[in-house]
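One structure below.
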Amino acid sequence: MQRLVDNALAVTKESVKTFTYESLNNIARLINGVSALLLTFLPGKANILEGVQGWELRPTFRGPRFPRWMGNGVSSFNQFIHELSVDSDTSSIDYSSGEDDLDGIYPASPSSHGSRISRTSTRIKNDWHWTDWMAFIFSWILLPARFLVGIPLLLFRLLNIWGSRASSDPGSPRPRHFHSFRKVHTHKDHVVHRTTDRRRGVIEDLHLAIEIFIEAIFDMFHKAARCVLSPFEAFSIFVKWLSSPSAGVKDSEDDVINASVPTATLGDNDPAPRERNLTLHHSLNTDARTCKDVITELGYPYEAIHVISADGYVLLLERIPRRDARKAVYLQHGVLDSSMGWVSNGIVGSPAFAAFDQGYDVFLGNFRGLVSREHVDKNISSRQYWRYTINEHGTEDIPAIIEKIHEVKTAELKISQPDEETKDEQPYKLCAISHSLGGAGMLMYVITRRIEEKPHRLSRLVLLSPAGFHDDSAFVFTMMEYLLLLLAPILPLLVPAFYIPTRFFRMLLNKLARDFHNYPAVGGLVQTLMSYFLGGDSSNWVGVLGLPHYNMNDMPGVSFHVAHHLAQLKHTGKFRMYDYGSAPANMEVYGSPEPLNLGEYYGLIDIPVDLVAGRKDQVIRPSMVRKHYKLMKGSGVDVSYSEFEYAHLDFTFSHREELLAYVMSRLLLVEPAPKRQSGQKALRLKKKGPVNS
């Protein structure tokens, strides 16, 4: 009787699981289908979705992964950069397994999407045809039939499982099995890069929660049936539990801490499931990887340096160290970004790794402006923390970072070259690569340091779509400009910065980014709407939302005063420092009733500058980058100008071989600092005289 009840409960449980799974799956498909339908009616979607090439509009429960070329472990930029663009689809590892190309099954991950654009393989963009809609409708109509037909199959399967368990040792503990919604992966499917996104989306979490709930309910019914049908066995268990309550508590705690889940790794000789312990490294199944995680998992060295600015902000300077290198590069991100942007495309597609492979000591700067509010004053209020403008980026953050780089490099080179004179001259060459707001901050830094007659320690600037001039922009930005200027006296008191303030909503954003890839029609709809909001720029905005620096623990934000400063730049059509609103306030800060107009001081720039613009960039249009170029050229600056077919985020978040080659060629124009001999050695060589050959 007990076996009959157990079998009946098992069949019912699997039937309920199948029914709920199919229902939720169809609901998710319906949402994706409606999004695809809306997407077909939106104007201009073809241009906007250029930044998300390779997406299919059909949903999938498989998460994004890194591309196949990243599994090869290649790290030499010069040797492999061109080979990978040709050979990426002819890898020695076969991923097809008799199915379709996995690039179509797995949507592009936010970290690797850009690399897929440069591949030579042909993509098929699948829109929903009428046959797909008919199949979708019939899947709903035939759901009851599928459910009824599936019951005998489930019964047969469970009887086989029960028979195999009955023939085994009855005293051995039975592991708790969770129903799997996914296909059984072959051994080849497990050849995935170590930094693959491990988060679960909201729909996946809902699947898991429903399944755990069903397991708990039927487990309760199973125990109740055992108590009714086997009272003596239940009584003995109860007495045993009363006799050693502490042991029961300890066992339950051990079960919670060391929860094991059976995972099936199907190989040629070992088809049996193996159990592995789970570690709760990724809290609530979110992706909280840091720049350190990405760098170290790819096999590169890493170092974190905490820098304190003059006004007390704690900045994180991250480094891929080459301690004996005499050439260094400093990369500075833009607005709502972090150092993660320079490493997000993996080994071959990231500027930071390309520079390291060229022999550079790589430093990754981070501006102030995190939700965690890193400051020497641990009790600083939100309003006080976010009270800064672009001025502080250029006159506080960047000087503190570059001085720390100088301190570190000088000390290390003095240790590695003890006989060298490093007191009066800089023993290394430092170049800077900046994007967007980072470019504006870098120009402000160089000009203000020259005005103050202080060394800026830079040898070359490479500015990717730099901010500064914004008078030629989309209508959406004009509306935001007037709104910010109008609300400037009131809004800072209510909203000191623009960010997601609670852990719950940051977690929700982190998980929704995964759903946008599992259901690409939904992601395409969000991508289109965000592109409309940002002037029609075709950057992969959804992919950027999926980067792990937008996680539940911390994320970058935008100070209201930074946004207000950008509105001032657009309104005046000048690249100048922040206007404090009155002549006395400006006089106190600048010594003049008007803010410092940086464009008038471009003649002070004494190093080569390379300006790069994107023809598809609608955030900072090429005309605005050319305005920098004309002013610099007219002031006698050694400046170059280049354009690429990029949108705004393609400069950092996309794998663009031509851009990497161009940036590396600019850096290589700067020769490393020569090794200098000590005074005593030079004197001895001078006494010896020339050597006749």
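The values are calculated or read from the model by the stated rules, or taken from the named source; none is laboratory data. Model, not experiment: these values are computed from the prediction. Using ideal geometry, Cβ is built from the backbone for each residue, glycine included, and neighbour counts are taken over all protein chains shown.
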Seminar exercise, completed: Picked from region 294-341 (must be of a type in the set (G, A, S) and surrounded by 19 or more Cβ atoms within 10 Å (Cβ to Cβ)), the residue nearest to G369 (Cα to Cα) is S338
Problem set entry | Only one of H393, H406, H435 that is in the same structural domain as R323 (by TED's automatic domain parsing), at pLDDT 95 or above and surrounded by fewer than 19 Cβ atoms within 10 Å (Cβ to Cβ) | H406
Problem set entry | When residues of region 347-375 are limited to those that are in contact with a Gly (Cβ under 9 Å, 6 or more places away or on another chain) and within 30 Å of I490 (Cβ to Cβ), the one surrounded by the most Cβ atoms within 10 Å (Cβ to Cβ) | F367
For this session: Could you list, in sequence order, all residues of region 479-510 that are among the hydroxyl-bearing types (S, T, Y) and farther than 24 Å from V544 by Cα?
Result: Y482
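One line per residue, one yes/no per condition, for (1) among the β-branched types (V, I, T); (2) under 18 Å from the mean Cα position of the chain (by Cα); (3) more than 20 Å from L463 (Cα to Cα):
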residue: L509; (1), (2), (3): no, yes, yes
residue: M530; (1), (2), (3): no, yes, yes
residue: V542; (1), (2), (3): yes, yes, yes
residue: L547; (1), (2), (3): no, yes, yes
residue: S559; (1), (2), (3): no, no, yes
residue: G603; (1), (2), (3): no, no, no
For this session: List every residue pair whose Cβ atoms lie under 8 Å apart, where the two residues are 6 or more positions apart in sequence or sit on different chains, the first residue falls within region 628-657 and is at positive phi, and the second residue, located anywhere, is not aromatic (F, W, Y).
Result: G636/G603
Exercise. Within region 509-517, is there a residue that is of a type in the set (K, R), in contact (Cβ under 8 Å) with a residue 40 or more places away in the chain and out of contact with any Gly (no Cβ under 6 Å at 6 or more places or on another chain)?
Worked result: no
Exercise. Does L525 satisfy being assigned to a helix (DSSP H, G or I) and more than 21 Å from the chain's Cα centre (by Cα)?
Worked result: no
For this session: Keeping to region 456-482, report how many residues are farther than 25 Å from K327 by Cβ, charged (D, E, K, R) and under 29 Å from the mean Cα position of the chain (by Cα).
Result: 1
Exercise. Identify, please: which residue in region 22-41 is at pLDDT below 85 and surrounded by fewer than 16 Cβ atoms within 10 Å (Cβ to Cβ) and is, among those, farthest from F653 (Cα to Cα)?
Worked result: F41
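Listed here are the residues, each with its yes/no results for (1) at pLDDT 90 or above; (2) aliphatic (A, V, I, L, M); (3) assigned to a helix (DSSP H, G or I); (4) under 24 Å from N597 (Cα atoms).
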residue: F469; (1), (2), (3), (4): yes, no, no, yes
residue: D472; (1), (2), (3), (4): yes, no, no, yes
residue: M479; (1), (2), (3), (4): yes, yes, yes, no
residue: P501; (1), (2), (3), (4): no, no, no, no
residue: N510; (1), (2), (3), (4): no, no, yes, no
Problem set entry | Whichever residue in region 364-390 is in a strand (DSSP E or B) and under 18 Å from the mean Cα position of the chain (by Cα) and, among such residues, is farthest from A432 (Cα to Cα) | L370
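For (1) in contact with a Phe, Trp or Tyr (Cβ under 6 Å, 6 or more places away or on another chain); (2) of a type in the set (A, V, I, L, M); (3) at negative phi, each residue gets a yes or a no:
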{"site": "R289", "(1), (2), (3)": "no, no, yes"}
{"site": "P301", "(1), (2), (3)": "no, no, yes"}
{"site": "L315", "(1), (2), (3)": "no, yes, yes"}
{"site": "R319", "(1), (2), (3)": "yes, no, yes"}
{"site": "K327", "(1), (2), (3)": "yes, no, yes"}
{"site": "M340", "(1), (2), (3)": "no, yes, yes"}
{"site": "A355", "(1), (2), (3)": "no, yes, yes"}
For this session: Check off (1) farther than 30 Å from A647 by Cβ; (2) out of contact with any Ser or Thr (no Cβ under 9 Å at 6 or more places or on another chain) for V446 and give me the number that stays unchecked.
Result: (1)
Seminar exercise, completed: Of the residues in region 306-338, those that are under 30 Å from S381 (Cβ atoms) and free of Cβ contacts under 8 Å to residues at least 60 places away in the same chain number 3
For this session: Go through P556, P455 for me and flag whichever is closer than 30 Å to C431 by Cβ, buried (at least 18 other Cβ atoms within 10 Å of the Cβ) and not hydroxyl-bearing (S, T, Y).
Result: P556
Seminar exercise, completed: When region 612-627 is checked residue by residue, the ones that are touching a residue at least 24 places away in the same chain (Cβ under 8 Å) and either among the basic types (K, R) or not assigned by TED's automatic domain parsing to the domain that holds K454 (or both) are R615, K616, R621, K627
For this session: Output the number of residues of region 646-669 satisfying the condition of being part of a helix (DSSP H, G or I), more than 14 Å from G341 (Cβ to Cβ) and touching a Lys or Arg at 6+ places or on another chain (Cβ under 8 Å).
Result: 2
